[in-house]
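Colleague: Before anything else, here's the structure in question.
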């Protein structure tokens, strides 16, 4: 979760750079986020820096550069609310195509390399003993994390995108600890959260990002309470 938060806030540097230079802020954020991800991965492998310290470096650097370039942008100061909190009305066909293409690529990647990914995620030494190119997988996974974050910026914003990446997984983890089941459950819960959040956003006229995260938290709380009630009821029936 910490790496997601770090790359999310680091991408703000790319948005500021895009506004300053006149290129697409999302494109600039994507490049900046991927470079930050590679930088975190490279620095964390050095003996003199831990991963959380490397994340903090790019987290703060991205935010600082984003603020500086935004205020240096020519003309009127741009409105950053859509990038910070999300706005469904700013999503273009290109954004939808980007999300769809990234989803297809990720699905193919995980179908082909699910077992090596699990090995790398949970036991790098064992993965190396199996001949898996651990470093390549780590860089590729970091790149996908960065691209996923940037693809979601217009929908939920920098402030809230970390919640969209973590809450569905937390909810799925209430029902299973199997990695592949968590993946598919998280996808379904994330889809339901987006659908419910967009309905709330439409009827209450509130930012889509906040509404989506609010609805996803409601789903988590309901599932958490439902599981606790079920376990308590089962315990009472087993031990009358």
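Quick note: the coordinates plus some simple rules give every number you see, no bench work behind them. All figures in this text were calculated on a predicted structure; none of them were measured in a lab. Cβ sites come from the backbone with ideal geometry, for glycine too, and all protein chains shown count toward neighbours.
Colleague: How large is the helix-only mean residue ellipticity at 222 nm for the chain, computed as the sum of -39500 (n - 2.57) over DSSP H runs with n ≥ 4, divided by its residue count, in deg cm²/dmol to the nearest 500?
Modeller: Values: 11 runs with 194 residues, N = 240.
Helices in the chain give a 222 nm mean residue ellipticity of -27500 deg cm²/dmol.
Colleague: Expressed in nm to one decimal, what extension gain is obtained for the pair residue 68 and residue 184 from 0.36 nm per residue of sequence separation less their Cα-Cα distance? Write down the numbers at each step before the final one.
Modeller: On the way: separation 116, 0.36 × 116 = 41.76 nm, distance 4.03 nm.
In short, 37.7 nm is gained.
Colleague: Additional query: Using r as the Cβ-Cβ distance of residue 199 and residue 107, and R0 as 35 Å, what FRET efficiency do you calculate, to the nearest 0.05? All intermediate terms of the calculation are to be shown ahead of the outcome.
Modeller: Details: r = 26 Å, r/R0 = 0.75.
With R0 = 35 Å, the Cβ-Cβ based efficiency is 0.85.
Colleague: How many angstrom lie between the Cα centre of region 182-240 and the Cα centre of region 24-67?
Modeller: 32
Colleague: Taking the chain, how much of its Cα-Cα pair set, in percent, is spaced more than 33 angstrom apart?
Modeller: Numbers: 6924 of 28680 pairs.
In whole percent, the share of Cα-Cα pairs in the chain beyond 33 Å is 24.
Colleague: Reported to two decimal places, what Rg/Rh ratio describes region 1-59 when computed on Cα atoms with Rh from the Kirkwood expression? Display every interim value, and only then the final one.
Modeller: Working: Rg = 12.0 Å, Rh = 11.4 Å.
Computed over Cα atoms, the ratio is 1.05.
Colleague: Could you list log10 I(q)/I(0) for region 161-240 at q = 0.26 Å⁻¹, which the Debye formula gives when each Cα is one point scatterer?
Modeller: -1.12
Colleague: Turning to a different aspect of this structure: Going 7 Å from the Cα of residue 99 toward and past its Cβ, which residues in region 56-91 have a backbone nitrogen under 12 Å from where you end up?
Modeller: The answer is 87-91, whose backbone nitrogens lie closer than 12 Å to the label point.
Colleague: From the C-alpha coordinates alone, can you work out the Kirkwood hydrodynamic radius of region 28-93, in Å? Let's see the in-between values first.
Modeller: Working: mean 1/r = 0.0717 Å⁻¹.
This gives a value of 14.0 Å.
Colleague: Provide the FRET efficiency to the nearest 0.05 for the residue 60-residue 233 pair, computing r from the beta carbons and using R0 = 51 Å. Mind dumping the intermediate values first?
Modeller: On the way: r = 48 Å, r/R0 = 0.94.
Result of the calculation: an efficiency of 0.60.
Colleague: Mean-square fluctuation check for the chain, GNM, Cα pairs under 10 Å: which of 200, 162, 23 is largest?
Modeller: Looking only at 200, 162, 23, the biggest GNM fluctuation is shown by 23.
Colleague: Considering the chain as a Gaussian network with a 10 Å cut-off on Cα pairs, which listed residue, 146, 127, 37, attains the greatest mean-square fluctuation?
Modeller: Looking only at 146, 127, 37, the biggest GNM fluctuation is shown by 127.
Colleague: When the chain is fully extended, how far beyond the present Cα-Cα distance does residue 175 get from residue 48, taking 0.36 nm per residue of separation? Kindly include the intermediate steps, with their values, before the conclusion.
Modeller: On the way: separation 127, 0.36 × 127 = 45.72 nm, distance 3.96 nm.
Between residue 175 and residue 48, full extension yields 41.8 nm more.
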